[in-house]
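> For reference, the structure I am asking about is given below.
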Amino acid sequence: MNAPLKHDPHKTSFYITDALYEEIIADFSNWQRDDLVIQDLAERDLFRSLLEHEARLLDQDRLEDWLTLFTPECVYWLPSTPNGGDPRKEIAITFDDRRRLEDRVYRLRTGYAWSQKPKSRTVRLVTNVEVFDTGRADVRMVRSNVMIAEFRGFETRCLYAWCGHRYVKQDGKWMIAARQLNLIDCDQCIRNPSIVL
């Protein structure tokens with residue numbers, strides 16, 4: 001059972017501390033090692049199913065439901081460097097906490113997000129799912145390849161990336177504590193990413 005939070009992550013970013021940055025950097029460094037790959041097909045299928053569910057919610061514009069997949073104290077990170085780097089020292093395309101994620105969804109729902117007039121239609125493909133051991137039974141790192149096809153205003157564009165998720169088990173349910181989307185052209189002009197990538 002988890003202890004109640006002392007602060008409300010929907011209102012403050014109290015948990016974005018140096019300790020959290022250190023944890024993020026450690027979790028997303030040197031984790032994609034062959035000796036850490038979990039070979040159990042049932043476990044890999046479980047996480048593949050979680051990733052596919054997340055992709056479907058985003059494609060169906062069910063952003064409020066998508067937010068429920070995350071822990072209260074979460075991070076959503078799109079690095080602007082090919083190797084992820086350190087979000088304290090490098091500009092990120094996005095580095096959102098829970099409050100900022102909720103703000104992003106709220107803004108898209110106001111009807112005043114002009115970058116989404118007309119609204120984008122998307123299809124996400126999730127492949128090459130691998131699950132990695134972290135040394136803890138309640139934490140898993142998951143890697144997948146992602147293609148996002150976006151149609152908006154008579155134009156279709158495709159974004160290609162690999163994605164890292166840190167899942168934690170809370171109250172018997174796997175939740176996303178951190179999500180890092182690594183666009184292959186992250187250091188180029190990717191225009192306005194007005195959709196949730």
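The values are calculated or read from the model by the stated rules, or taken from the named source; none is laboratory data. In this text, all values refer to a predicted model and were calculated from it rather than measured experimentally. Here Cβ is always computed from backbone atoms with ideal geometry, including for glycine, and neighbour counts include all displayed protein chains. We work out accessible area using only protein heavy atoms, side chains counted, and drop any ligands, DNA or RNA first. Shrake-Rupley method; radii C 1.70, N 1.55, O 1.52, S 1.80 Å.
> Checking the conditions here, which among GLY164, GLY135 is closer than 26 Å to LEU20 by Cα, crowded, with 17+ Cβ neighbours inside 10 Å and among the small types (Gly, Ala, Ser)?
None of the others qualify; the one that does is GLY164.
> Tally up the residues in the range 106-129 that are open to solvent by 70 Å² or more (accessible area, probe 1.4 Å) and modelled with pLDDT of 85 or more, please.
Residues in the range 106-129 being open to solvent by 70 Å² or more (accessible area, probe 1.4 Å) and modelled with pLDDT of 85 or more: 7 in total.
> Quick test for you: out of ILE16, ILE38, pick the one residue that is modelled with pLDDT of 90 or more and surrounded by 15 or more Cβ atoms within 10 Å (Cβ to Cβ).
That would be ILE38, the only listed residue that is modelled with pLDDT of 90 or more and surrounded by 15 or more Cβ atoms within 10 Å (Cβ to Cβ).
> For the structure I just gave you, tell me whether CYS163 is in a loop (DSSP other than H, G, I, E, B), out of contact with any Cys (no Cβ under 6 Å at 6 or more places or on another chain) and not β-branched (Val, Ile, Thr).
On the way: in a loop (DSSP other than H, G, I, E, B): no; out of contact with any Cys (no Cβ under 6 Å at 6 or more places or on another chain): yes; not β-branched (Val, Ile, Thr): yes.
It is false that CYS163 is in a loop (DSSP other than H, G, I, E, B), out of contact with any Cys (no Cβ under 6 Å at 6 or more places or on another chain) and not β-branched (Val, Ile, Thr).
> Turning to a different aspect of this structure: Which one of ASP133, ASP96, ASP103, ASP27 is farther than 19 Å from ARG166 by Cα and either within 15 Å of the chain's Cα centre (by Cα) or not hydroxyl-bearing (Ser, Thr, Tyr) (or both)? Write out each step before concluding.
On the way: ASP133 fails: farther than 19 Å from ARG166 by Cα; ASP96 fails: farther than 19 Å from ARG166 by Cα; ASP27 fails: farther than 19 Å from ARG166 by Cα.
On inspection, the qualifying residue turns out to be ASP103.
> Assuming ASP187 fulfils every condition listed in (1) under 28 Å from ARG136 (Cα atoms); (2) assigned to a loop (DSSP other than H, G, I, E, B) apart from one, which condition is it?
ASP187 satisfies all of (1) under 28 Å from ARG136 (Cα atoms); (2) assigned to a loop (DSSP other than H, G, I, E, B) except (1).
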